[in-house]
Structures are given as structure tokens and as C-alpha cells.
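What follows is one structure encoded as C-alpha cells, with my remarks underneath.
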Amino acid sequence: MKINWAIFILIISVLINIVLLIKFFLYKYITYPKALKSLKNEISFKVHVFVPCKGWNKELGASLESIANQRFHNYKLIFITESINDPAVKEIEKIRKKYNHAAHVIAGKSSRNCQKNFNLLKGIEEYPNADVYVFCDSDIIIEENWLFRLVRPLQSRKITVTTSFDSSTHRRENLSLVFKKFIDAYLYFLLIATGAVWGGSFAIRKDDFFRLKVNNSWEKFCVDDVSLTKILLKKRKRGFCVPISIRHIRENTSLSDWVTWLIRQIMFLKYYLKGYWILALINFTIILIPIFMLPINLIISFLTNRWTIHLTISVIMFMFLYLYFGIIFLIKKERITKETLVYLYPVLFINLYSLYTTLFNNTIKWAGKEYTLNSKGTIKTIKFK
């Protein structure tokens, strides 16, 4: 009876993952093409693009240049830094000298919300007069039609928020890069399947921004995109994902840094989309336990000289998961190499470890600051490192 119940729960978990896959393909091949048919190629929106910047890397100039050099006739570009002494300011000033539509806002330190939200709200406060607000990270390099393609669907009042995600693929293979490869592919898949928003690239009409009280949410919460996704879900809306060429420039980040990043994203789920966090915990636990038990079940089967039902379940789930995530890799046009297949096994358990790390944690470490949250997700204290 216990095994029957375990198999039943396992089947439910598998079905949930299959439903997500179906939702992805329905959006990509039906919802998205249908929505584009009624859109015009002429856009009259006045657009403000807000780019929070912190720190310097060797490709920062190329990133800011790609944002400034968009084939869009009517937009203002606003860079925001916490301080005039931020290392990014040197690159920002180069862009400002080259492009008249670029501006720089110094936000100062936040004492009540996360620094990114504080920066974005300060940018809006300084430059509020636009039809559409666009938000973009400073660590991505984008195609020259990014802004046009991101804003164009907002001609339809049925679409509230548009978003896009990292479309880059990975050519080198090691544990760290396969981990990033997995995270990028899985997040891209979930973004479309669930209608979530990615904070690195999204757009919203100004009137919807204030009507939905996104500013109020950002003033007290510790994240921009997950809190916006929460608002959309409450209003029974979804982010409209647009396939655009975007390359993330943090290619050489270590495995420990990527795990820290993932734990932070899961913490956002825990506090702002708790149902999704619980579902992720249960789902990953249920589908990964049989995979984890596979070597043990193989040893037991060898020693007892018989094939057990536990081994059958482990083998079936191993084949299902590798097929499932293989499809997700192919969806994002990632190569599946022997290194991918070898490293995927530990990568799955690093993800499970990251999920369980958030169980008894109420702090979020982000960009040199440590935020302690209460049960409602509002910030109690901010420690500066």
C-alpha cells in the first residue's frame, strides 16, 4: 500500500511537469503567433528605459552600448547608480557623451527596500513622463531591435507586461557551465509556461504600472520581477514573453556564485510566491528521490540477484527526467553533449540542495547587502557589507 501511494504521488508529479510542457508549446505555437497578428509595425509610444548599474566588468561598455544603440525613434535611456563613485559611472559617462538620449540618476542608499527597487523608483521619480516603462539589467548584451520587439505587443490592452530572457547558448562544458546551462534553459521554459516576468528585461505601460500599484510593491519588497509576477497572478494576468536575442555576460561566474544566485531566486519565491515555492520543493523531492536511489537500488538488485520494483521506478524516473530536461535543452537550442549528460546528475541535486537551503532561512544576500525579511516579505533590517 505504501508503494502504491508513493507511485500515485510520483505520477501526479510527472503529470504536473507534462502539463507545464504542454502550456509552453501552446503559448509558443498558438498564443504568441495569434497575438502578433493584430499588432502594427508603427509604434507611437514614448518610452523610458531604466537601467540600474552596479560595479564594472570588461563587457559593461558593450552592454550599455547595445542598450543605447536601439533602432527605436522615441526613447529616453536612464542609468541609475547608488553612488557617483560606482565603478560603472565611467562607462555611463562615455555613453552619455555619445548619445543625447542617455541620462544618469544617482539614487543614494536605500534604507527600506532592496537597492535595485530603490534605484528603479528613483529613476521613475526623476523621469516619469513616458507611455511605457522598460526595465533592463546592465549585464546583458541585446540585439538592436530589442526595444521595438519588447514594446510592440503593448499596443494590445490584453497584454499588460512583456518580458524576454537570456537566449545565449553555451559552447564550453564543465560543472559550473552545465549548471548555468540547466538554470537558463529551465527558467526560460518556466517563464513561458507560467507567465512569469524576468527582471533583466521587461516592459509595462505607465498607467498599468501605477494602476497595479507596482510602485507600492517595490517600495516594501526585496525584488522587482517576482513581486510583479505576484501582482499579475492575483489579477489573473501573465507576462507576455517575446523571443529576443539576449546574451548574459557573466559567463565565467563560479559554481558557488551561481548556487548563491539560485538560492536568492528561490528565497524570492518563498516570500512572494509561496505556493510555487512549496510546489517546487515537493516536486523536486518526489521526482529526484528515485533518481538518487538508483545506484543504491542497483547494488541491492545485484546483491539479491533480483529486479525490485524500487529499481524499476528509479530507472523509469531516470529515463523520464533525462528525456524531459533533454527536451527543455533543445527548446532553448542548447547542445546536448556527453558532458551535459554526465553533469546533469549532480546539477539536479545541487538544485535540490538549493531548495532545502531556503527552508529555515530569512536573509537574502544581494550585491554587497544582506536583507532580513519578516514573514510577509517586507524588509526588517539591511546590513551593509
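Here, each number is a calculation from the coordinates, and none is a lab measurement. Every value quoted in this text rests on a predicted model; they were computed, and no experiment measured them. Because the Cβ atoms are built from the backbone with ideal geometry, glycine has one as well, and the counts that use them run over all protein chains shown.
Give me the net charge of His104's neighbourhood, meaning all other residues with Cβ under 14 Å from the Cβ of His104; Lys, Arg count +1, Asp, Glu -1. The partial results should precede the final answer.
Values: positive: Lys54, Lys76, Lys90, Lys94, Arg96, Lys97, Lys98, Lys122; negative: Glu82, Asp86, Glu91, Glu93, Glu126.
So the surrounding residues net to +3.
Assigning unit charges at the beta carbon (Lys, Arg +1; Asp, Glu -1) and nothing else, what dipole magnitude in debye, to the nearest 20, does the chain show about its Cα centre?
920 debye
Counting DSSP beta bridges in the chain, what percent are antiparallel, to the nearest 5? Show your work: numbers first, answer last.
Values: 20 of 38 bridges.
Antiparallel: roughly 55 percent of the beta bridges in the chain.
Please state, to two decimals, what the Cα-based radius of gyration of the chain comes to when divided by 2.2 N^0.38 Å (N = residues). It would help to have the intermediate numbers written out before the result.
Numbers: Rg = 22.1 Å, N = 385, 2.2 N^0.38 = 21.1 Å.
Taking N as the residue count of the chain, the ratio is 1.04.
Most exposed first by the Cβ proxy, i.e. fewest other Cβ within 10 Å, how do Ser164, Ser38, Ser314 rank?
So the residues, fewest neighbours to most, are Ser38, Ser314, Ser164.
Mind jotting down a quarter of the surface of the convex hull over the alpha carbons of segment 325-379, in square nanometres, one decimal?
5.9 nm²
Based on the Kirkwood radius over alpha-carbon pairs, what is the Stokes-Einstein translational diffusion coefficient of segment 40-254 at 37 °C with 0.692 mPa s viscosity, in µm²/s? Please report the intermediate quantities before stating the final value.
Working: Rh = 17.6 Å.
My calculation gives 187 µm²/s for D.
For segment 3-59 and segment 125-171, what is the separation of their C-alpha centers, rounded to whole Å?
What the calculation gives is 14 Å, centre to centre.
Please find, in a Gaussian network model of the chain (springs between Cα atoms separated by less than 10 Å), the residue of Asp131, Asp139, Asp257 whose mean-square fluctuation is greatest.
Answer for the Gaussian network model of the chain: Asp257.
Go through Lys181/Lys274; Lys274/Lys365; Lys180/Lys365; Lys58/Lys97 and tell me which ones have a Cα-Cα distance over 23 Å in this structure.
Listed pairs above 23 Å: Lys181/Lys274.
What is the P(r) of segment 140-268, as percent of Cα-Cα pairs per 5 Å bin from 0?
2, 10, 19, 22, 19, 15, 8, 4, 1, 0
Of all beta bridges DSSP finds with both residues in segment 40-254, what is the antiparallel percent, to the nearest 5?
Details: 11 of 29 bridges.
Just about 40 percent of them are antiparallel.
Among all helices in the chain defined by DSSP H, which have a length of 18 Å or more along the axis from Cα atoms plus a Kyte-Doolittle mean of at least 0.5? Working shown, then result.
Numbers: long enough: 2-26 (36 Å, 2.28); 175-194 (28 Å, 1.44); 255-272 (26 Å, 0.44); 274-292 (26 Å, 1.76); 309-331 (33 Å, 2.33); 338-357 (29 Å, 0.74).
Going by DSSP H runs, the hits are 2-26, 175-194, 274-292, 309-331, 338-357.
Could you tell me the extents of segment 269-312's C-alpha atoms along the three principal axes, largest first, rounded to whole Å?
Extents along the principal axes, in whole Å: 50, 14, 8.
With charges only on Cβ, +1 for K and R and -1 for D and E, what is the dipole size of segment 51-203 about its Cα centre, in debye, rounded to 20?
Its charge dipole is roughly 100 debye.
As I understand it, the dipole of segment 40-254 uses +1 on the Cβ of Lys and Arg and -1 on the Cβ of Asp and Glu, about the Cα centre. Which of Ser110, Ile124, Ile92 lies farthest toward its positive end?
Ile124
What does the charge dipole of segment 244-385 about its Cα centre add up to, to the nearest 20 debye, if the Cβ of each Lys and Arg holds +1 and the Cβ of each Asp and Glu holds -1?
That gives segment 244-385 a dipole magnitude of about 540 debye.
Between Pro153, Pro87, Pro33, find the one with the highest GNM mean-square fluctuation for the chain; connect C-alpha pairs within less than 10 Å.
Maximum among the listed residues: Pro33.
From Cα pairs below 8 angstrom and at least 6 apart in sequence, can you work out the relative contact order of the chain, rounded to a whole percent?
In percent, rounded to a whole number, it is 18.
Using r as the Cβ-Cβ distance of Val315 and Glu65, and R0 as 51 Å, what FRET efficiency do you calculate, to the nearest 0.05? Could you put the intermediate results ahead of the total?
Working: r = 51 Å, r/R0 = 1.00.
About 0.50, to the nearest 0.05.
Any chance you could tell me what percent of the C-alpha pair distances in segment 18-80 go past 19 Å? Before the final figure, lay out the partial values.
Details: 1146 of 1953 pairs.
It works out to 59 percent of all Cα pairs.
Hey, what D do you get for segment 51-109 in µm²/s if you plug the Kirkwood alpha-carbon radius into Stokes-Einstein at 20 °C and 1.002 mPa s?
Approximately 185 µm²/s, per Stokes-Einstein.
Cross-link partners among aspartates and glutamates for Lys338, C-alpha distance below 14 Å, same-chain residues fewer than 8 apart left out?
Within reach: Glu173.
Hey, could you get me the Stokes-Einstein D for segment 192-245, Kirkwood radius over alpha-carbon pairs, 10 °C and 1.306 mPa s, rounded to whole µm² s⁻¹?
137 µm²/s
Dividing the alpha-carbon Rg of segment 207-350 by 2.2 N^0.38 Å yields what?
Details: Rg = 20.1 Å, N = 144, 2.2 N^0.38 = 14.5 Å.
Here the Cα radius of gyration is 1.38 times the empirical estimate.
Of Val223, Phe329, Tyr353, which is farthest along the charge dipole of the chain in the positive direction, counting Lys and Arg as +1 and Asp and Glu as -1 at C-beta?
Of Val223, Phe329, Tyr353, it is Val223.
Which residues among segment 225-254 fall inside the zone where the amide N is under 16 Å from a point 7 Å beyond the Cα of Lys274, along Cα→Cβ?
227, 230-231, 234
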